[in-house]
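Down below is the structure, laid out as structure tokens.
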Amino acid sequence: MSDGTALHELSAGETYQIDSDEYDSDDQGDNIGEKDYDELVAEAENGFTDEEVAVLTAELREKGLVNFLRDYLVPVSGPGQTLRKLLLGLGVIPPVHLRSSTTPDIQLLSFTKIVLSRLLRRRTKLPAYNSVDDAVSLLRHAKNIIVLSGAGISTSCGIPDFRSANGLYAQIQEDGEYDLSDPQEMFDIRYFREQPEVFYSFAKQIYPSNFVPSPCHRWIKLLEDRGKLLRNYTQNIDTLETLAGVQNVLQCHGSFATASCLRCRRRVPGTDIEGEIMRQEVPKCSVCRAEREAARAYEKSASAKGKPKVKGGMIWGDEEEEENEWGGGEPGIMKPDITFFGQALDSKFDECLFKDREKVDLLVIIGTSLKVAPVSEVCTHIPHSIPQIFINLTPVAHVQPDICLLGDADTIVTYLSDRLGWSIPPPPSASAKNQLTMTPPGEVEFASGVGPL
Ligand code: CNA
């Protein structure tokens, strides 16, 4: 689960490795002597048998990290076991500063979690499910489907995805207009703070203005209408699932439905900054702007009268000080409430996944490269015995779904529906569209004085 982890792109191999960001063990010079090593091996061999380790690993994959650790450390009957014994049983030698046999569990916990997460990420394909017929049968019988969707379900609506050959990253690279070491910087919060104009130069391309939900969005609605949708975890920020009428959708990466000031955190309806987005301008916070104007006016009159430059508890000093206060010399910059790389996901993601993993009976992944963590980890954080269907234009190498249906997602879901004798609902009427576009799903709190849409 996200565990407060910031949004980040999986780097090559990361899925299967404890990377240095996750665990900075200051382990330089962690050479292990032959004697120590032999003692650890002996301790491991006296701990769990191979069969017991296999059972523990299977339990981990079914229960998930949190439940597994709870049951392991505090079992209903009998005394708990130590994390040291578990780690050694899994063949993992703790780093030197955690290696003493007297190291308490509490100190080993973070390291153990990383080791277990790594194990969880290795899902083995279920041999029973392979064909299109299997997919049809799974869909027919499933009652609690999680749909994990990505930008690929909106490309047919005219919204480019990130990583396709004609996606946003390729466009940005081709334009060569911005000095970016990686097109991903376009969605990096640090970069945004420094150069918001870059994001706003292309934001209108993905802004949900005149788009009509695709057959895929409506297919998710169909699953919901048939009482089969447990939840749609969407990485998309275009709110088209909501426009299609899907109720049980979690917009994991936020959406354009609201926007907030980076400085004062005031939140406003997304439509407040629509004009600037369409004109490719950087929207500024009107409150911060007014405050700054007032502060400047005060400062001017104060210095004319020889008074100290103090207003409202703030000290208005030299240019540099003021620049820091405003975050780069600008009054508060407004940012749509979409999650950028480097920002943490809403805790709702963890909460929902923790709850849903107990009920889910089928995972359908559509139109995503599964390159953005932590959402990509939905695949491995639900019990590994739950079947997974992957529908996408291009294959992925780093996950192991059971059934891969490669091609245009709209065509595939239409085909599956035909086979099932289901009909995908038509696009919403124009009036429904006006009501629904940009409506934030669930409850959204606005700053005082600002009403909901
Ligand atoms: P991605 O990494 O760009 O992957 C999209 C995937 O969809 C690729 O693997 C494509 O092969 C596949 N694809 C493209 N067109 C189709 C199609 N017609 N049928 C089937 N598959 C197709 O995007 P992800 O969603 O994996 O990455 C997550 C990012 C993308 C999230 O943070 C989003 O906010 C972000 N994003 C969202 C939108 C949107 O809201 N519509 C648009 C662009 C980017």
Quiz item: Sorted by packing (mean other beta-carbon atoms within 10 Å per residue), highest first, where do 257-269, 143-155, 350-362, 66-78 land?
Solution: 143-155, 257-269, 350-362, 66-78
Practice problem: For residue 35 and residue 294, compute 0.36 nm times the residue count separating them, minus their Cα-Cα distance, and round to one decimal in nm. | Solution: 86.0 nm
Quiz item: What residues have an amide H closer than 5 Å to that of residue 284, excluding those fewer than 5 places away on the same chain, when H is modeled at 1.01 Å from N in the peptide plane?
Solution: 334
Quiz item: To the nearest Å, what is the center-to-center distance of segment 54-102 and segment 167-245, using C-alpha atoms only?
Solution: 40
Exercise. Determine the gain in length on full extension of the stretch residue 96-residue 140; use 0.36 nm per residue of separation and subtract their C-alpha separation, reporting nm with one decimal.
Key: 10.6 nm
Quiz item: Counting only residues 5 or more places away or on other chains, whose amide H sits under 5 Å from the amide H of residue 259 once H atoms are built in the peptide plane?
Solution: 268, 270, 337
Self-check item: Within straight-line cross-link reach of residue 300, lysines at Cα separation under 21 Å, skipping those fewer than 8 residues along the same chain
Solution: 309, 311
Exercise. Heavy atoms only, probe 1.4 angstrom, no DNA, RNA or ligands counted: give me 193, 419, 84 ranked by accessible area, highest first.
Key: 193, 419, 84
Practice problem: Could you sort out which of 63/204; 113/348; 221/284; 204/359; 35/113; 204/371 sit more than 32 Å apart by Cα distance in this structure? | Solution: 63/204; 221/284; 204/359
Quiz item: When the chain is fully extended, how far beyond the present Cα-Cα distance does residue 359 get from residue 122, taking 0.36 nm per residue of separation?
Solution: 83.2 nm
Quiz prompt | Pairwise label distance in nanometres, residue 303 with residue 106, each label 7 Å out on the Cα-Cβ vector | solution = 5.4
Practice problem: Would you work out if segment 342-391 is rounded, prolate or oblate? Take a ≥ b ≥ c from the square roots of the eigenvalues of the alpha-carbon gyration tensor; rounded if a/c is under 1.5, else prolate when a/b is larger than b/c, oblate otherwise. | Solution: oblate
Quiz item: Leaving out ligands, DNA and RNA, what percent of the accessible area of segment 131-266 is carbon and sulfur, probe 1.4 Å?
Solution: 43
Quiz item: Using θ = phi - 60° and the Karplus curve 6.51 cos²θ - 1.76 cosθ + 1.60, what whole-Hz ³J(HN,Hα) does each residue of segment 348-355 get, with Gly and Pro shown as x?
Solution: 4, 4, 4, 4, 5, 5, 4, 6
Quiz item: Evaluated at 25 °C with a viscosity of 0.890 mPa s, what Stokes-Einstein diffusion coefficient in µm²/s does segment 100-194 have when Rh comes from the Kirkwood expression over alpha-carbon pairs?
Solution: 131
Self-check item: Rg/Rh ratio calculated on Cα atoms of segment 121-177 (Kirkwood radius)
Solution: 1.17
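The values are calculated or read from the model by the stated rules, or taken from the named source; none is laboratory data. Here the structure is a predicted model, which means the values were calculated and not measured. Glycine also receives a Cβ, built like all others from the backbone with ideal geometry; neighbour counts cover every protein chain displayed. Surface areas here come from the heavy atoms of the whole protein model, side chains and all, with no ligands, DNA or RNA. Shrake-Rupley method; radii C 1.70, N 1.55, O 1.52, S 1.80 Å.
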